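The values are calculated or read from the model by the stated rules, or taken from the named source; none is laboratory data. These numbers were taken from a predicted model, which means no experiment stands behind them. Cβ placement follows ideal geometry from the backbone for every residue including glycine, while neighbour counts extend to all protein chains displayed. Protein only, heavy atoms only, side chains kept; ligands, DNA and RNA dropped before computing areas. Shrake-Rupley method; radii C 1.70, N 1.55, O 1.52, S 1.80 Å.
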Amino acid sequence: MKILVVDDEPTSQLIVSEIAESLGFETVCAESALRGLEILAESDISLVLCDWEMPGMDGPTMIRKLRASDHGRYVYHILVTGRNETKDLIEGLNAGADDFISKPVNPDELRVRLRSATRVIELQQSLDNRNAKLEKANKRHEEALNSVTSDLRLAADMQFALLPKEKQLAGINTNWLFKPASFLAGDIFDYFLVGDSQMVFYIIDVEGHGIPSALTSFAVNNQLNPSPQGMCRRHLRATSNVDTAVLRILEELNRQFAKPSGDNRYFTMIFGVMNLFSGQITLAQAGHPAPLHYSTREDSVVAVGNGGMPVGMFESAKFETTNIEMHPGDRLYIYSDGAIECPSTGGEFYGQSRLEHSVRNWAGIPIEKLSSILDKEFLDWNGTSQFEDDVSMVCLEYQTPLQLGANRVQSSSYNGVERRLAEQPLNTTSKDSFRQH
Amino acid sequence: MNFSTEDNSNHTIISITVERLDAAVAPELKKLVQTLVAEGNNRILLDFEQVLFMDSSGLGAVVSGLKSVGDEGEFVVCGLSGVVLDLFKLTHMDRVFEIRSDRNDGLQALAA
């Protein structure tokens, strides 16, 4: 280790240097405090033995100047002095001295002082090293976190892009609310026309929330995509019995997602098909909260369905269908449990009966304004924009029965669906890509 | 501990000692049942007496417990009320699980 010896008297300088060198230190000498400061600024010396009394700048002043400047390291400063009164010690300590050694210098005392100085300097250096490492690691973690956050934002945008954009389809008006609890939701929903007389709609809520649930919801959504090869069109094409087609779709999903090990995530869903001519809806309720049917004729709200097993929970699960007669002006609400289990600031759940009441109150609100009404309703109830669980809700309004010969309307909407498909790269992703962990 | 277990000669009682059986505690329950079954305790009574809320992850863990005990074992649940019982009914789990009103009733089901 190097020591800087600062002393204006060559003899003292020599004596101190020789003792230090005999102890294994390398010495650098300065004849004045000013020169000493220059050397400290240019070198990496961390230990100084400095005389108190010197012409020009004295020892304590040198220490003050040293402490005021930043050399990126701690410099241990020992004052060499003939003074031994308390007030002198205090002045030296106040200036920033770390230790004192009395004049004339006794080799044994200097050895002890230098050993303790070395210990402090080495400790300081190891702390500096550790800090530097921590800072580096922190920076790496921060960069990793930033990258993950930005990936998640991107994934959330992609998830949002999967949601239906069109809100008018061949006599049906729609609107919806989607509030993920974290970046990504385990909820997903869609609706689209199939053939010239049917509309498929569904809402899925995968167990849990966040990334693992979102991946499963993407995979299910991908299976149900509106392409001719998708599960919906395939089964609806294969039979004219809609109940049978709906059950086959749920059974096929269940076969794909239920694993004997039980290590998979199950999901609840509402899957329905609406006949656009008759207004008849056939739906299956797989462990999902009951859809609410607002009837304009009765001005009443009915919870539809008798429950049912979730999809992907048991390989042997059986599903059931329910039918609803929709009349012009009627609305059907499908929603995730995050909506009815949304807690108020006081911890009270929103609850299904409150939702039924609200649905009746919203009857007079034009459907195109419903999205902002729903948004405000749940934000106000929740008290914050941070939701505990994903909250999603879709409203379908049966406006007018489709008339025979209304092919123009259908084909334009159909093309809209095809366009949306083309814009969604995820829908074309193989389901296998979601399963590789 | 979110669960307490009571081992008896031919069955084990698991009491859920938290009010919310949700994603935060579900993995612990899943693991607990797996461990019990691995140790040879496959006759289990799961007591919901203290549970006020169960979410989808909680239900997933309970179903996982039922699957863990297998055909050889028994898995009975008791003490369900309010929204917890509602969720069992909504998901038709009342058709899958042996549901008993309280612990005594549950123990009788295990003894039968």
query: Say we join alpha carbon atoms closer than 10 Å with springs in a Gaussian network model of chain A; which of A:S150, A:S217, A:S116 then has the biggest fluctuation?
result: A:S116
Interface residues in region A:281-295 - accessible area drops by 20 Å² or more relative to the isolated chain, probe 1.4 Å: A:G287
statement: quick shape note, region A:318-401: Cα extents on principal axes in Å, largest first -> 43, 38, 18
field: Dimensionless Rg over Rh [region B:1-85; C-alpha; Kirkwood]
entry: 0.93
message: If I take R0 = 25 Å and measure r between the Cβ atoms of B:D105 and B:D71 in this structure, what FRET efficiency does the formula 1/(1 + (r/R0)^6) give, to the nearest 0.05?
response: 0.60
message: Out of all DSSP beta bridges in the protein assembly as shown, what portion is antiparallel? Express it as a percent rounded to 5.
response: 65 percent
message: Suppose we keep just the alpha-carbon trace of the protein assembly as shown; what are its Rg and Dmax in angstrom?
response: 37.4, 116
Inter-site label distance for A:Q399 and A:F160 at 7 Å from Cα along Cβ, in nm: 2.5 nm
field: Exposure rank, largest accessible area first [A:W52, A:W381; 1.4 Å]
entry: A:W381, A:W52
- prompt: With every protein chain kept in the model, how would you rank A:D337, B:D102, A:D196 by accessible area, 1.4 Å probe, largest at the top?
  reply: A:D196, B:D102, A:D337
field: Volume per residue of the C-alpha convex hull in region A:163-434, rounded to whole Å³
entry: 123 Å³
- request: Please give the solvent-accessible surface of A:E315 in Å², to the nearest 10, using a probe radius of 1.4 Å with every protein chain present.
  value: 120 Å²
- request: Compute the Rg to Rh ratio over region A:87-169 from the alpha carbon atoms, using the Kirkwood formula for Rh, and round to two decimal places.
  value: 1.58
query: Can you give the mean number of other chain Cβ atoms that lie within 10 Å of the Cβ atoms in peptide A:308-320?
result: 3
task: Would you list the P(r) distribution for region A:2-130, with all Cα-Cα distances sorted into 10 Å bins from 0 and each bin expressed as a whole %?
output: 13, 48, 35, 4, 0
- request: DSSP loop (so not H, G, I, E, B), at most 11 other Cβ within 10 Å: list which trypsin sites (Lys or Arg not before Pro) in region A:304-413 pass both filters.
  value: none
message: In 5 Å bins starting at zero, report the fraction of Cα pairs in region A:155-245 per bin as a rounded %.
response: 3, 13, 23, 21, 18, 13, 7, 2, 0
task: Pop a pseudo-label 7 angstrom from the Cα along the beta-carbon direction at both A:R297 and A:N323 and give the gap in nm to one decimal.
output: 1.4 nm
query: For region A:1-44, rounded, prolate or oblate, judged on the Cα gyration tensor with a ≥ b ≥ c (square roots of eigenvalues), a/c < 1.5 rounded, else prolate if a/b > b/c?
result: oblate
statement: With 0.36 nm assigned to each residue of separation and the Cα-Cα distance removed, A:A363 to A:V112 gains 81.4 nm
field: Candidates A:H77, A:H357, A:H235, ranked by Gaussian network fluctuation over chain A, Cα under 10 Å, top entry
entry: A:H77
query: Based on the Cβ-Cβ distance from A:N275 to A:A238, what FRET efficiency comes out when R0 is 22 Å, to the nearest 0.05?
result: 0.80
message: From the mean inverse distance of alpha carbon pairs (Kirkwood) and the Cα radius of gyration, derive Rg over Rh for region A:177-297.
response: 0.98
- request: Could you list the chymotrypsin sites (Phe, Trp or Tyr not before Pro) in region A:239-281 that lie in coil according to DSSP, counting only those with at most 16 other Cβ atoms within 10 Å of their Cβ?
  value: A:F277
- prompt: Applying 1/(1 + (r/R0)^6) with R0 = 56 Å to the Cβ-Cβ distance of A:Q229 and A:S126, what FRET efficiency is obtained, to the nearest 0.05?
  reply: 0.30
